[in-house]
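Structure first, commentary second.
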Amino acid sequence: MPSVDMTYPSGAKFSFAYAIATPTSYSAEELTPGLPCIVFLHSGYIGKEVFESRPKFHPRRQAPDLTRFMPTVQFSNRDLRQFNLIAFDMRGFGDTKGLLGDEPYTPTESASDIEQLMAKLNIPPSHFFGLSNGCTVALELAVSRPDLVLSLTLCSPLSPEEPKDIADGRREVYNYWKEMNDLPQDSSSTQELSSDIVSGAAQLFYNNARTNRIEAIHQFTLQKALEIWYSSPENVHQSLRTGVDWFVKRRLIPDDSYRKIKGPVAIIHCFDDFAYPLQYAEDLVQTLQKADVPSVSLHRVPGAHYGNVTNPRRINKILYDTVASCHPELALSQLSLSPTRESHGGRLPTPFTETLRRYGYDSEDESD
């Protein structure tokens, strides 16, 4: 996986992992000139792999309201692959390397990271898809550097301030990591605690839907979490910074700042998102409309908090329509995809497919 290095005024150094997919390459080294770009911003606890292809639900265990939503997720969706697709692992996640230390780290700093990464990789003004706390980063970037943001598609946005019960749950997860650090990695107690963390994540993210792909992502995420948030006091401290402080110490964006947003904003609320109810999405719509953002839409779709996984068909269409509306000059449906030599069973591979296969993901066991 390619990476780009950044050094901060404090002396901290990070190597940011990223992935690019284009119409002609599932893992490209550079963008295709002249095509719109979509930057994908992942949520907490999980990195860019959350945008891998859609899951195949096990018939006996799938949630009833998910059975009819079986298309591909973002990076393997043929409509979206007409664009340049870019995803980063943010600080403290996935394959990005480095330690946070004690310097400030909130959505404001995350947005600044994205701004600098775009400059280093020569990524032009882009469309942004945010998932959960990725929505907060996208909004921060949109008000600090509106010239870089052509549109926003925000799936399961957070509340302006973290609700107390959700913040308490995040602290509980951190306490698990802290407790695990005092135990041998191969002990039964460590395994039990890590299992509790995974189960809690499955409930929040997918409402306990179980799939081959979700299981692979859980195993991959747990392994990465053990590398990043476990085995040393510095790593445990990083789990506090990324899993608790980032949320509870984030600033409240002033309502007037939203006037800087010039492109369309599509807000997506998933019916079964029990952590962040519909009211938060509706309040965000009203705030943006009062700030005279030119086009704001609210979409309600079936699905869990990670609606891009559990209901990709609706999410992908909303994202595609939002991006395409900004480019009437492009005959996007006529663009030629040439992934045939890379395809698996007719499904487009992604930059993440091979990684997840090492954790039990069977990409051949999928069909649209």
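The values are calculated or read from the model by the stated rules, or taken from the named source; none is laboratory data. A quick note: this is a predicted structure, and the numbers were derived from the prediction, not measured. Because the Cβ atoms are built from the backbone with ideal geometry, glycine has one as well, and the counts that use them run over all protein chains shown. Heads up: the accessible areas ignore ligands, DNA and RNA and are worked out on the full protein's heavy atoms, side chains in. Shrake-Rupley method; radii C 1.70, N 1.55, O 1.52, S 1.80 Å.
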Computed label-point distance, nm, for sites Ser3 and Glu172 using a 7 Å Cα→Cβ extension: 3.4 nm
State the extension gain, in nm to one decimal, for the chain segment bounded by Ser10 and Lys317, taking 0.36 nm per residue of separation less the distance between their alpha-carbons. 106.3 nm
Taking the Cβ-Cβ separation of Asp165 and Ser257 as r and a Förster radius of 35 Å, what is the calculated FRET efficiency to the nearest 0.05? 0.80
Could you tell me which of the pairs Lys48/Lys262; Lys120/Lys290; Lys164/Lys290; Lys48/Lys317 are separated by over 24 angstrom between their Cα atoms in the structure shown? Lys48/Lys262; Lys120/Lys290; Lys164/Lys290
Where the centroid of each part is defined by its Cα atoms, how far is the range 293-318 from the range 93-115 in Å? 27 Å
Report the accessible area of Thr108, computed with a 1.4 Å probe over the heavy atoms of all protein chains in place, in Å² rounded to the nearest 10. 50 Å²
For the range 97-166: rounded, prolate or oblate by the Cα gyration tensor [a/c cutoff 1.5]: oblate
Which FRET efficiency, nearest 0.05, do Glu29 and Leu226 yield, Cβ-Cβ r, R0 35 Å? 0.70
Expected output is a single nm value to one decimal: the length gained when fully extending between Gln289 and Glu115, i.e. 0.36 nm times separation in residues minus the C-alpha distance. What is it? 60.1 nm
Checking the a/c ratio against 1.5 first, then a/b against b/c, what shape does the Cα gyration tensor give for the range 221-312? oblate
7 Å from Cα along Cα→Cβ at both Ser187 and Ser144: what's the point-to-point distance in nm? 4.0 nm
